[in-house]
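Computed from the coordinates by the stated procedures, all read-outs in this text should not be read as laboratory data. Being a predicted model, the structure only gives us computed values, none of them experimental. Because the Cβ atoms are built from the backbone with ideal geometry, glycine has one as well, and the counts that use them run over all protein chains shown.
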Amino acid sequence: EVVAPVKDAKRAQILAAVTAFRIRLQAAGSGAIGFVYYSGHGAADADTGTNYLIPIDASAPGTVTFWHEALKLDDVLKELDRARAAAKFVVIDACRNELAANDKSTTKGFVPVAEQAGMFVAYATAQGRTASDKGTRGGPYSTALADEVVKPGLHHLDLFQNIKEAVS
């Protein structure tokens, strides 16, 4: 079952979509597999190492309200984790390089997250690198992901290795 995408979303819209998805995933019961794909901007707070998704209604990086208006990636992961019986995949297709900001409170987009049972988090690019969104069907990562995810019987580690090789 494919859930309608949420595009150009505000913070509250992202949270509501994740909660609605978690409810559906939870209702699917044991053996369900959830797959979340985020394409957008991200940043990590240099002081805390906390990852944030940056919704369209967030203020500019470096402003007093920026971190309050961004959405903690941990909050998204915690919400998804509430669907305990399901396996969860979270794919972050965003740059992980320096975010242009007036101060140093903002660091590389997305730092690695701790392993969580039943959840696999993948990034479109290595830490400190940019993720391209140029291409006829989307960026190189989303194109490779779309090609691989439909292959039956592919182990998830092989799937992501194939994507990595295709992007390289």
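Separation of the alpha carbons by more than 26 angstrom is noted, of Lys78/Lys134; Lys134/Lys164; Lys7/Lys134; Lys78/Lys151; Lys72/Lys151, for Lys78/Lys134; Lys78/Lys151; Lys72/Lys151. Here each label is just a point 7 Å from Cα along the line to Cβ, and for Val149 and Val113 those points are 1.5 nm apart.
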